[in-house]
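Undergrad: First the structure, then my questions, so here it is.
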Amino acid sequence: MVLEIEKSNEILKDVPGMIFDQAVYMDNFLKKHNLTNLLELGFAHGASSCYMASTLREIGEGHLTTIDLKGAKFRLPNIETLLDKLDLNDLVTPYYENTSYTWRLMKFIEDNDEPIFDFCYVDGAHDWYNDGFAFFLVDKLLKPGGWIIFDDMFWTFESSPALKNTSRVKNMPEDEKSIPHISQVFNLLVKSHPNYCNFEIYKSWGIAQKKL
């Protein structure tokens, strides 16, 4: 049987973002743990969003809520174009924010007395300031037994072709440029949190489960 992600890969294979090997791992992970109420922080072009939505289509239930900055609307292709091509619009709700997904997370917390997601994929700001705070916000929205995956555990600002020569990065202290921020978030905040367990590193992903 051909997987839904394999069908979607015909459209997504040349789109920057999640590669097919990651999509296969994600597909298996979501199915194994029966995860259907999904949250994504940072979607860029929307490749990862489309792969996860393809898995939901195969499962036959669920929804993905995904958040990025308003600039994502102007990417070529953008998430809306890809969702249209793959007929996945009904499975995904994208939000565009002015400054950070943390503001949208605040609104979700305001609007919901109980956790609403069973999975979160973090692939957004890649910095301590946004993603360190985002972890604590996501924790309030993540159901007991839910999972969180952080992408780019070993990414640094000084190694980024797109960012290393910007004034923002040039003005950073040397250690802020060279230390992987997401590793710091995972090792110092997630792994030390009393409500999390089953920690795993898979390639560039840091994985953890919220205790039941």
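Undergrad: Tell me, in nm to one decimal, what length is gained between residue 202 and residue 169 on full extension, where the rule is 0.36 nm per residue of separation less the Cα-Cα distance?
TA: 9.1 nm is the gain from fully extending residue 202 to residue 169.
Undergrad: Mind checking the full-extension length gain between residue 188 and residue 158? Use 0.36 nm per residue of separation minus the Cα-Cα distance, one decimal, nm.
TA: Length gained, residue 188 through residue 158: 8.7 nm.
Undergrad: Related question: Among the lysines, select those whose C-alpha is under 19 Å from the C-alpha of residue 73, and discard any that sit fewer than 8 residues away in the same chain.
TA: 85
Undergrad: Also, quick follow-up: Mean-square fluctuation check for the chain, GNM, Cα pairs under 10 Å: which of 37, 98, 89 is largest?
TA: Among 37, 98, 89, the largest GNM mean-square fluctuation belongs to 98.
Undergrad: When the chain is treated as a GNM, springs tying every alpha-carbon pair under 10 Å, which of 186, 119, 154 comes out with the largest mean-square fluctuation?
TA: In this elastic network of the chain, the residue with the biggest mean-square fluctuation among 186, 119, 154 is 154.
Undergrad: So in region 23-157, what percent of DSSP beta bridges are antiparallel if you round to the nearest 5?
TA: Bridges in region 23-157 are about 0 percent antiparallel.
Undergrad: Still on this structure, please answer the following. For the ranges 56-63, 18-25, what's the packing order if you count other beta-carbon atoms within 10 Å of each residue, average per peptide, and put the highest first?
TA: Put in order of decreasing packing, that is 18-25, 56-63.
Undergrad: Of 75, 104, 168, which has the most accessible area and how do the rest follow, probe 1.4 Å?
TA: 168, 75, 104
Undergrad: Specify whether the C-alpha gyration tensor of region 103-162 places it in the rounded, prolate or oblate class, a ≥ b ≥ c being the square roots of the eigenvalues: rounded for a/c under 1.5, otherwise prolate if a/b is larger than b/c and oblate if not.
TA: prolate
Undergrad: Do the sum for the chain: with -39,500 (n - 2.57) for every DSSP H run of n ≥ 4, divided by all residues, what is the mean residue ellipticity at 222 nm, to the nearest 500 deg cm²/dmol?
TA: -11000 deg cm²/dmol
Undergrad: Something else now. Shape verdict for region 156-203, please, from the Cα gyration tensor: rounded (a/c under 1.5), prolate (a/b greater than b/c) or oblate.
TA: Prolate, because a/c is 1.5 or more and a/b exceeds b/c.
Undergrad: In whole percent, how big is the carbon plus sulfur part of the accessible area of region 133-212, probe 1.4 Å, protein atoms only?
TA: Answer for region 133-212: carbon and sulfur cover 55 percent of the accessible area.
Undergrad: Tell me the volume per residue, in Å³, of the convex hull enclosing the alpha carbons of region 22-112.
TA: Per-residue hull volume (Cα only) is 97 Å³.
Undergrad: Cα to Cα, under 19 Å, and not fewer than 8 places away if on the same chain: which lysines meet these conditions relative to residue 191?
TA: Once the sequence-local lysines are set aside, what remains near residue 191 is 140, 143, 203, 210, 211.
Undergrad: Same structure again: Return the Cα extents of the chain along principal axes one, two and three, sorted largest first, each rounded to a whole Å.
TA: So the extents along the principal axes, rounded to whole Å, are 50, 40, 33.
Undergrad: Moving on. Using the heavy atoms of the protein chains alone and a 1.4 angstrom probe, what is the accessible area of the chain per residue in square angstrom?
TA: Computed with neighbouring chains in place, this is 49 Å² per residue.
The values are calculated or read from the model by the stated rules, or taken from the named source; none is laboratory data. Because the structure is predicted, anything quoted here is derived from the model rather than measured. Heads up, the Cβs are rebuilt from the backbone with ideal geometry, glycines too, and the neighbour counts pull from every protein chain shown. Heavy atoms of the whole protein, side chains included, go into the accessibility calculation; ligands, DNA and RNA do not. Shrake-Rupley method; radii C 1.70, N 1.55, O 1.52, S 1.80 Å.
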